[in-house]
Amino acid sequence: MKRRWARIVGATLCIACLAVSVALADYYAWFTTQRHEQQRLRDLAQQLGQRVDQIVVESLLVLSDIEHSQLTPCSPEHITRMRALVLSTHYITELDYVPAQKLRCTSWGLFDVARKEPPANYARDDGLELVKRVPSKVNPEQRLLGLHHGNYHALMKLSTITDFSIPPGVELAVATMNGVLLQSTGAHVKALFGKRAGDTLHGLVAARIQNRDHDWQIAVIEPIQQLVGAVHRKEWRAIPLALLVSLSLCGFAILYVRRRRSPLTRLRQAVQRCEFLVCYQPIVSLSENRCVGAEALVRWRQHDGTLILPDQFIPLAERSGLILPITDQVVAESMRELGPLLVADRSLHVAINVSVRDIESGRVLEVLKLALQGSGVCSEQIWIEATERSFMDACAAREHIVRLREAGYAVVIDDFGTGYSSLQYLQQLPLDVLKIDKSFIDTVGRDANNTAVASHIIDIAKELGMRTIAEGVEREEQLVYLRARGVDMAQGWLFSRPLSAPGFADYLARNRSMQPGC
């Protein structure tokens, strides 16, 4: 008996839970669907309002332009100007010159005939008049929407107002604030003006907005049957309650797993999705104050828009080997974005950071050869920067550095003085340029001991016949010191932050314009 009773109670509870779940599902489906549909209707109304605003603004600009022109009315130059204005617009199809109610000419040509203009349906305080059904000069059977100001009329098709993608079953309408209907896509929507936004009229869901700045009111309706269908679809997705709970638990579990995803997995996916972009920091010749190149700096932009700086992922990429495909993407993107600039200016170069593994294996030479093929960029315009994040086998690297230099590429030792075997590299590797790390540049004028280190690095480079670049230059006193010590080039926020490719092109143009003789 107890077992039977327990079964009855259990079954009752199950039925009760099912009933509650159905009720909750019904409420949830109706509430969310109604809110979603109302928002969709409001969005459509806003879109229609923006279209009307665009038409009015465009018409006012065109009318003002032709009104203030000094051209003789209806002269060939005047008609040509009206025609050019029409062709430059999105919505206007015709411009008329109508002094004293007499049509003299249009953007189509001369029409020296008397014509009685239809009365304005709506007039604004700024003198703009709206006429709903104006006959076209080319096709008198066609009725156009006219916006009149002074002696000029701008005409356009009525369908222009609602000429955009409208979901099936949805009707749109726009009217002036005094109730003059300009355009509608159905008969039901006309009845909505004067009703409250969100009212349900004869099986219709409706939304309405007003734009008092431009004196328009917009109405959008949708059959409620479409809303009911969406509710039913959501109900089936929401039942039963047990499925909702299990899906919720699964959702939380998936969310937890995703949040606990390893950085390596996310980095590997970023490589597959090509989520890396390249910024370019200008490199300036200190003797000429002339931009001579840029360093390509990789950034990781995740699919949610979050930007991750290289210090946060490059070490992991190097440990995992993912630095190789990242390097490939940076090289390809740099050639795609800066290739035209490099071809146009042979004195310009781009410096690309590569890993120790790229140098030791020699693969970077093939990557560069493939990227430059057909680009018109010279190998002498590509500088390879090797960073000392990990120990480099100098013997293994030497052969490939020699090949790089023989092919025309310049090889730069990056962040000199902060890595594993800086002096050893200078002795054993054939290098072209030495880059002084920002940590030493920061001490100029602040820390005499470390400034002395920077001075010694400069002296070493000079003795070895290497060019020098100072990175991280941010203060004028650093610039003065580096020039006095004969450093060749510098980069840093004193000159420019890292820029997009278009931003770098603008910077280069400004820099060139300030050069003597430009």
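Summary table
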item: Loop GluC sites (Glu not before Pro), segment 257-337, which have at most 15 other Cβ atoms in a 10 Å radius of their Cβ (DSSP); result: GLU288
item: Cα gyration tensor category, rounded, prolate or oblate, for segment 260-338 with a/c compared to 1.5; result: prolate
item: Gyration tensor (Cα) of segment 264-513, equivalent ellipsoid semi-axes in angstrom; result: 26, 22, 19
item: Candidates per chymotrypsin sites (Phe, Trp or Tyr not before Pro) in segment 298-401, loop by DSSP, up to 16 other Cβ within 10 Å; result: PHE391
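Every number in this text was worked out from the coordinates using simple rules, so none of it is lab data. The model shown is predicted, which means the values in this text are computed figures rather than measured ones. Note: ideal-geometry Cβ built from the backbone for every residue, glycine included; neighbour counts use all protein chains shown.
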